[in-house]
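Student: Here you go, one structure.
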Amino acid sequence: QVQLVESGGGLVQAGGSLRLSCAASGIIKRINAMGWYRQAPGKQRELVATITSDSSTNYADSVKGRFTISRDNAKNMVYLQMNMLKPEDTAVYYCNADRVQTLSRIVLEVWGQGTLVTVSS
């Protein structure tokens, strides 16, 4: 069974920084892409950033230049460095893994439980 566990959320003032981490557990051979999504109150979940196994990245326009996604393939971890945070970044941030290859099968998609980021003005 593959699980994702996020950490690093919390309360920060506007202009501040936070670093989110996500660890994938289980017997994992390879993860295709990993990413971060967020869902603000009353809004749909949206993409924040993704990173492929060869470190190609993609960012939402709203976070370009402020957020940086990275991953450690050996540890099956993905990170999100968030700088110059704004109140509109307040949301629950979810980690996602796309096409996780285990010993016996490929799991198409896995989600973490989410971590809350609150940015005060």
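Student: Looking only at the range 30-83, count every residue that is farther than 17 Å from Trp111 by Cα, among the acidic types (Asp, Glu) and either touching a Cys at 6+ places or on another chain (Cβ under 8 Å) or open to solvent by 60 Å² or more (accessible area, probe 1.4 Å) (or both) and tell me the total.
Tutor: 2
Student: Across the range 4-29, which residue is least open to solvent (accessible area, probe 1.4 Å) among those that are farther than 13 Å from Val110 by Cβ and of a type in the set (Val, Ile, Thr)?
Tutor: Initial filter on the range 4-29 (farther than 13 Å from Val110 by Cβ): 7-21, 27, 29.
Next, from what is left, pick out any that are of a type in the set (Val, Ile, Thr): 12, 27.
Numbers: Val12: 21, Ile27: 114 Å².
Among those that are farther than 13 Å from Val110 by Cβ and of a type in the set (Val, Ile, Thr), it is Val12.
Student: One residue is enough: does the range 84-91 have a residue meeting the conditions more than 18 Å from Ala40 (Cβ to Cβ), more than 12 Å from the chain's Cα centre (by Cα), surrounded by 14 or more Cβ atoms within 10 Å (Cβ to Cβ) and among the polar types (S, T, N, Q)? It would help to see each step written out before you state the result.
Tutor: Step one: filter the range 84-91 for residues more than 18 Å from Ala40 (Cβ to Cβ), giving none.
Looking through the range 84-91, none of the residues is more than 18 Å from Ala40 (Cβ to Cβ), more than 12 Å from the chain's Cα centre (by Cα), surrounded by 14 or more Cβ atoms within 10 Å (Cβ to Cβ) and among the polar types (S, T, N, Q).
Student: Would you mind finding the one in Ile31, Ile69 that is among the β-branched types (Val, Ile, Thr), in contact with a Leu (Cβ under 7 Å, 6 or more places away or on another chain) and not in a loop (DSSP other than H, G, I, E, B)?
Tutor: Values: Ile31 fails: in contact with a Leu (Cβ under 7 Å, 6 or more places away or on another chain).
Residue meeting the stated conditions: Ile69.
Student: How many residues are more than 9 Å from Val119 (Cβ to Cβ) and part of a loop (DSSP other than H, G, I, E, B) if we restrict to the range 1-14?
Tutor: First, the residues of the range 1-14 that are more than 9 Å from Val119 (Cβ to Cβ): 1-10.
Now narrow it down to the ones that are part of a loop (DSSP other than H, G, I, E, B): 1-2, 8-9.
The qualifying residues number 4.
Student: Restricting to the range 92-121, and then to whatever is within 17 Å of the chain's Cα centre (by Cα) and not in a strand (DSSP E or B), can you tell me which residue is nearest to Gly15 (Cα to Cα)?
Tutor: Gly114
The values are calculated or read from the model by the stated rules, or taken from the named source; none is laboratory data. Computed from a prediction, not measured in an experiment: that's the story for all the values here. Using ideal geometry, Cβ is built from the backbone for each residue, glycine included, and neighbour counts are taken over all protein chains shown. SASA here: full protein model, heavy atoms, side chains in, ligands and nucleic acids out. Shrake-Rupley method; radii C 1.70, N 1.55, O 1.52, S 1.80 Å.
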